[in-house]
Each structure stands twice: as structure tokens, then as C-alpha cells.
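Asks: Take this structure first; my questions come after.
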Amino acid sequence: QVHLVEYGGGLVQPGGSLRLSCAASGILFRAYAMGWYRQAPGKSRELVATIISGGNTNYADSVKGRFTISRDNAKNTVYLQMNSLKPEDTAVYYCNANLGIANYWGQGTQVTVSS
């Protein structure tokens, strides 16, 4: 059974930092493209960042230069380091594991950026 469990969400002031983690089990982690998506109230889920098995990364324009995605295949974990956070980054952040027809989601973790 596949499980993706996110950690690290919370409340942070504008300009602050958070690090999200997503621990995967039940999949051959190193083969999967991993990603972070987010969904703000009243909006559609959107891509934040992805990292493929070879390590290449892709970011939404809105987070480039502020967020960094990384993975540790030995720990079956993907990370999202978020710096210089803005109120518009407030959303539920979801971890995703994708390998073509196999696509899995975590339960989400809330990130709130507010003073």
C-alpha cells in the first residue's frame, strides 16, 4: 500500500521560512518523479515544484528563487525548502509521486503565512 505523508507545515510570518518533508512508502521511490503542489481556498491545485529521478527540477514562476525542492532516495523522502514566504503562499501543500499511470497524493499539510 502506498503512503505519502507530509510534515512541516504551520504558521509563519511573512519573510520567514519553512521546510516541508514528504516520506514515501510502498513505492520504488527512486524511480518516481516527485512533486509539491498547493491549493489555496477557492483556487485550483497548482504545481509548485517537481524533481525527477535524475535530479532535474522544475519550479512555478511564482516560487523561483525562493523555494528549493530536493530528494533523498536513501530515505524515500522529498523536501521543499521555502524561504521569503509571502501571504500568497498560504495554501494546503500536497506531495505527489508520479510514474506515468501510477500517480499518488499525500493528505496535505497547511502552510499559513500571516503576521
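The values are calculated or read from the model by the stated rules, or taken from the named source; none is laboratory data. The model shown is predicted, which means the values in this text are computed figures rather than measured ones. Every residue, glycine as well, gets a Cβ built from its backbone with ideal geometry; the counts of neighbours run over all protein chains shown. We work out accessible area using only protein heavy atoms, side chains counted, and drop any ligands, DNA or RNA first. Shrake-Rupley method; radii C 1.70, N 1.55, O 1.52, S 1.80 Å.
Asks: For Asp72, work out the one condition from (1) of a type in the set (D, E, K, R); (2) in contact (Cβ under 8 Å) with a residue 40 or more places away in the chain; (3) within 24 Å of Gly100 (Cβ to Cβ) it doesn't fulfil.
Replies: The number of the failed condition is (2).
Asks: In this structure, is Gly54 out of contact with any strand residue (DSSP E or B) (no Cβ under 7 Å at 6 or more places or on another chain), modelled with pLDDT under 95 and either farther than 16 Å from Leu20 by Cβ or assigned to a strand (DSSP E or B) (or both)?
Replies: yes
Asks: Kindly provide the set of residues from segment 34-47 that are surrounded by 19 or more Cβ atoms within 10 Å (Cβ to Cβ) and among the aliphatic types (A, V, I, L, M), ordered by number.
Replies: Met34
Asks: Would you mention how many residues in segment 4-33 are surrounded by fewer than 16 Cβ atoms within 10 Å (Cβ to Cβ) and not basic (Lys, Arg)?
Replies: 13
Asks: Give the residues of segment 31-53 that are among the aliphatic types (A, V, I, L, M) and over 12 Å from Val111 (Cβ atoms), sorted by residue number.
Replies: Selection gives Ala31, Ala33, Met34, Leu47, Ala49, Ile51, Ile52.
Asks: Here is a further query. Return only the number of the condition from (1) modelled with pLDDT under 95; (2) under 18 Å from Gln110 (Cβ atoms) that Leu28 does not satisfy.
Replies: For Leu28, the failing item is (2).
Asks: Here's something else I'd like to know. Among what's in segment 67-101 and is β-branched (Val, Ile, Thr) and open to solvent by 60 Å² or more (accessible area, probe 1.4 Å), pick the residue that is modelled with the lowest pLDDT.
Replies: Taking the candidates together, the pick is Ile101.
Asks: Give the residue, chosen from Pro14, Pro41, that is farther than 17 Å from Ala102 by Cα and either within 12 Å of the chain's Cα centre (by Cα) or modelled with pLDDT of 95 or more (or both).
Replies: Pro14
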